[in-house]
Amino acid sequence: MATTDLLVVGGGIVGLTAAIAAAEGGARVVLVDAAINAGSTANAGSLHVQMQSRFIRLFPDQAPNVEASLPLYLSAVKEWERLDREIGPFELVRKGGLMLAESAEQMAFLEEKAAREARKGLHVDLLDRSELDRLAPWLGEQIVGAELCHDEGKLNPLVANVRLRARARELGVELLIDKVTDLSQEGRVTVHCASGRVHDCDQVILAAAWGVGALALGLGLDLPVKAEPLHMNITEAGAGQINHLIQHAERSITLKQFGSGQIVIGGGWQAQSRGNEDVPGVLAQSLLGNVALAARLVPAISQLRVLRTWAGMNTTLDGKSLLGSVPGAERVILAIPGDAGYTLGPLCGRAAACLALGTEPPLDIDPFTPGRFSA
C-alpha cells in the first residue's frame, strides 16, 4: 500500500491546478487520471464570464445559479491571468467577448441580460451596428448589434495544458494513469484502483468531473453530474484578426482565433455519445451546422478549410460549482466547476488545495458545499 499526503483524482484542469497548488504548499501529491475520455484535453480555450445564451435556453431552471455565480467567473479569469504570468504564457488574450444579435428580439434579450450581469459586477456594454463596424468590421451584414463583455477572453488550451503538466512534474507530483474504483474513510482515506494499487492518503480531492458521481454515491452523495458530448472544429490560418470571443444571443456558437491565425469553432453542438468510458464521436450534422453558422456570422470563414474536427465531454451539474468536504468523510474534498468548467477550473483547483492544506481558500465556498446533495 502506497502512502501519500494528498491524492487527486482527475488529471484535467481542476485536478492539475489543485495538485500544483498543493505541491507548492509543501504536500506530497499523487495525481491519478483514468485517461479514458476527453474533457480538458479537448477544450477550446474560451474564458467565459457572461451568461451563455445556450445555457439559459437549455437549462432555464439552473440559470439563477449561474447568475448568482457571476462574480466567481470574474475571479476565475484573474486566476488564469496569474497562472499565465507564473507558468505561461498560454497565448491568453482578454479583449472581451461579443454576443451577437440578428433581430430586435435578440437585442432585447441581450439588454435584459446585460442589466442583470451589470448588477453582479460585470463590465458590459450594448453596441449598435455602427459601433460594431468600428470594433469588428468582419461581421456579417445581418448582425444588428451585440453585447460586449469586457471581462471575457481566450487562451490556447494545448499550450496551457502542456505547461501546467510540466509544472506539476517539476514540483514532484506523481502522475499515474489508473482508474479509481472505490474509496473509504476510516481515519485516513483508502483508495482502490483498477490496477490493483491501493493508496493510503491523508486527504483526497475528487476532481474527475462527471466521473465523480459514482464515487460520491458510496459516500452518501447523489450528485446530478452528467457527461455532455460536444463538438468542435479548427480551421486553417486566416487573414485578419478576431480578438474577441464570439457568441450568439440565440444560437449555439463560440468562435475565436488563435495567435496562429487558426479559428476554433464550437459552442455546444451535440457529439455522438459512445458511453462515458470512451471519447465521443463526431456527428456530420453538427460539423456542417456549426461551421455554416460560423460562416454566416463571420463571412470570411467560408473561405477557410476545416483542418480537424473532434468531440469532447462537458460536465453539467446544477449551474454552480461544487467545492468542499464530503459530510461524514471530511478528508475527501469535492472540486467540480459549474458551467464553463475550463474557465472556473484553476480557481476551483486552488480552492480545493487550500482546503486540503488547511489554508484560506481564494473564495467563499459556503454557497458551493456538497451538503446540498446529501442523500
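Quick notes on this one:
- Within region 290-313, being open to solvent by 20 Å² or more (accessible area, probe 1.4 Å) and not aliphatic (A, V, I, L, M) holds for 296, 299, 302, 303, 305, 308, 309, 310.
- Inter-residue pairs, beta-carbon under 7 Å, first at positive phi and in region 225-242, second open to solvent by 30 Å² or more (accessible area, probe 1.4 Å) and in a loop (DSSP other than H, G, I, E, B), 6+ apart: 240/138
- For region 181-203, a residue qualifies if it is open to solvent by 40 Å² or more (accessible area, probe 1.4 Å) and either under 30 Å from residue 83 (Cβ atoms) or in a loop (DSSP other than H, G, I, E, B) (or both), and the qualifying residues are 187, 194, 195, 196, 197, 202.
- Set side by side, the residues 70, 135 differ, and just one is more than 25 Å from the chain's Cα centre (by Cα) and either open to solvent by less than 20 Å² (accessible area, probe 1.4 Å) or of a type in the set (A, V, I, L, M) (or both), which is 135.
- Filtered residue count, region 314-336, keeping only those that are open to solvent by less than 20 Å² (accessible area, probe 1.4 Å), in contact (Cβ under 8 Å) with a residue 60 or more places away in the chain and of a type outside the set (S, T, N, Q): 10
- Within region 55-67, tally of residues that are closer than 19 Å to residue 99 by Cα, more than 15 Å from the chain's Cα centre (by Cα) and part of a helix (DSSP H, G or I): 5
Okay, residues lined up against (1) touching an Asp or Glu at 6+ places or on another chain (Cβ under 6 Å); (2) part of a strand (DSSP E or B):
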| residue | (1), (2) |
| --- | --- |
| 300 | no, no |
| 308 | no, yes |
| 311 | no, yes |
| 314 | yes, yes |
| 318 | no, no |
| 324 | no, yes |
| 330 | no, yes |
| 334 | no, yes |
| 345 | no, no |
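- Filter pass, residue 250 being in a strand (DSSP E or B), surrounded by fewer than 23 Cβ atoms within 10 Å (Cβ to Cβ) and in contact (Cβ under 8 Å) with a residue 60 or more places away in the chain: no
- Residue in region 73-82 that is part of a helix (DSSP H, G or I), modelled with pLDDT under 95, of a type in the set (A, V, I, L, M, F, W, C) and within 16 Å of residue 119 (Cβ to Cβ) present: no
- Within region 30-50, the residues that satisfy the criterion of being open to solvent by 20 Å² or more (accessible area, probe 1.4 Å) and either touching a Leu at 6+ places or on another chain (Cβ under 8 Å) or not β-branched (Val, Ile, Thr) (or both) are 33, 34, 35, 37, 39, 40, 43.
- The single residue among 151, 200 that is within 18 Å of the chain's Cα centre (by Cα) and at pLDDT 95 or above turns out to be 151.
- The set of residues from region 154-180 being within 17 Å of residue 37 (Cβ to Cβ) and open to solvent by 40 Å² or more (accessible area, probe 1.4 Å) comprises 177, 179.
- Counting only residues that are in contact with a Ser or Thr (Cβ under 9 Å, 6 or more places away or on another chain) and either without any contact (Cβ under 8 Å) to a residue 12 or more places away in the chain or in a helix (DSSP H, G or I) (or both), region 1-34 holds 4 of them.
- Subset tally (residues that are in contact with a helix residue (DSSP H, G or I) (Cβ under 8 Å, 6 or more places away or on another chain) and either open to solvent by 20 Å² or more (accessible area, probe 1.4 Å) or in a helix (DSSP H, G or I) (or both)) for region 217-237: 6
The values are calculated or read from the model by the stated rules, or taken from the named source; none is laboratory data. Note that the structure is a prediction, hence the values are computed from the model and not measured. Neighbour counts are summed over all protein chains in view; Cβ atoms, including those assigned to glycine, are modelled from backbone coordinates with ideal geometry. Ligands, DNA and RNA are excluded from the accessible area calculation, which covers all protein heavy atoms including side chains. Shrake-Rupley method; radii C 1.70, N 1.55, O 1.52, S 1.80 Å.
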